[in-house]
Amino acid sequence: MDPLRVAGKFFRSGGGRHDVRAVTYGPFPGGWPEDFAPDFARIAAAGFNALRLYDMPDRRLLDAAFAHGLHVFGGLHWPQAVDFLRDGRILSAARVALAERLRVAEGHPALAGVFVANEVPADLVRWMGPLRVRRALEELISLGREIRPDILWCYGNYPSTEYLEPENADFTAFNVYLENEAAFRKYLRRLHHIAGDRPVMISEFGLDSQRNGTVKQAQTLAWAIRAAREEDAAGMAIYAWSDRWWNAGMEVTDWDFGLVDREGGEKPALGAVKREIADRRSPILRDRLHEERGVADRCMSRRFGKAVLPCPGNHRGGRRLHRSYGFRSRKGLPRRAPAAAGAVRIERGAQCRGGGGLRGDPRFH
């Protein structure tokens, strides 16, 4: 199994681009199953290539994932719903736990990355101070990277705390629960703006079948996977594999987000997800999307009286109201095309890393 790497706005593994198709797994009432093989075989057969956990994996889980070709994203479990900056022992214990669990998984090829935290409550962030909280998350990432520089590091963010995005994360991960496709697509585009030159991963997306029904759950997950692919998300994690869920010391029975029910039976959503993962975007559709993007560029150009040019930063196919760059010709280097008439003049890269987004907001630096 080749390690996962960041390459521009996407992930790479081996010799090519790697779309992360993940499903969240656990925690379950009673702990991990005695044998992971039955679940992991079904997960791999559905087309998934990764797992997202809410705790750090042991070697038994990693060995089973490796045997089924699944990358694993661990999650550092520590108290995040309290004022952890007031009591220094909480963060100290989190650092110790991170170091210990990483040593347990030392060198294992199945461990692809770690979420150092997940959804710190927005009211607590405001209470503790966004800058202080973000720095605490960045310190955890830095510590983990010192121990395991070969894996990816991130924070599981969500829309209420967009401004909390760690600067040293390898990719932008957001838990997003939008039940309207148009709103979901619109927010995906916003996430690319927040992420700048980093990959965007939807780290949670799901629908409760207990309240919405199994048919709507299947339909929603299908269009979400398709939208994430077409909007160039680098990865997506479906929440969750099973309806069985353990949280805050008790079993959660008043929601059913799983692809399989509490007895392990397949729900319609599993078949829908499997079909959507297998249904790769055809060349005809790709050409149509590029043609629609060109029409949109021309409309924007007419509306604003500016030239719409490819982003000069690291965006893969990004579009902004940029000027083109006319560098002086150097020996052996061709001159770039002159700036188009009426093109907006900005500094190189000024809007390419969180420019205008909350990651670039000076209030949180």
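Bear in mind that the values in this text are calculations on the coordinates, not laboratory data. Every value quoted in this text rests on a predicted model; they were computed, and no experiment measured them. Because the Cβ atoms are built from the backbone with ideal geometry, glycine has one as well, and the counts that use them run over all protein chains shown.
What the table shows:
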{"quantity": "Radius 13 Å from Cβ of Ala97, net charge of other residues (Lys, Arg +1; Asp, Glu -1)", "calculated": "+2"}
{"quantity": "Extension gain, Ala99 back to Asp150 (0.36 nm per residue minus Cα-Cα distance, nm)", "calculated": "16.9 nm"}
{"quantity": "With eigenvalues of the C-alpha gyration tensor scaled by 5 and rooted, the stretch 70-206, Å", "calculated": "24, 20, 12"}
{"quantity": "Sparse-neighbourhood loop sites, trypsin sites (Lys or Arg not before Pro) in the stretch 74-165 - DSSP loop, at most 11 other Cβ within 10 angstrom", "calculated": "Arg86"}
{"quantity": "Counting DSSP beta bridges with both ends in the stretch 3-64, the antiparallel % (nearest 5)", "calculated": "65 percent"}
{"quantity": "Loop sites in the stretch 237-280: chymotrypsin sites (Phe, Trp or Tyr not before Pro), DSSP, at most 16 other Cβ within 10 Å", "calculated": "Trp255"}
{"quantity": "Sites Asn168 and Asp87 - FRET efficiency at Förster radius 30 Å, r taken between beta-carbons, to 0.05", "calculated": "0.80"}
{"quantity": "Per-residue Cβ neighbour rank within 10 angstrom, fewest leading, Thr161, Thr24, Thr214", "calculated": "Thr214, Thr161, Thr24"}
{"quantity": "Which of Tyr158, Tyr187 has the fewest Cβ neighbours within 10 Å, and the rest in rising order", "calculated": "Tyr187, Tyr158"}
{"quantity": "Gain upon complete extension [Thr214, Asp63; 0.36 nm per residue less C-alpha separation]", "calculated": "51.1 nm"}
{"quantity": "Within the stretch 86-103, backbone nitrogen closer than 20 Å to the virtual label 7 Å beyond the Cα of Arg135 toward Cβ", "calculated": "86-96"}
{"quantity": "Ascending count of other beta-carbon atoms within 10 Å, so fewest first, for Trp127, Trp223", "calculated": "Trp127, Trp223"}
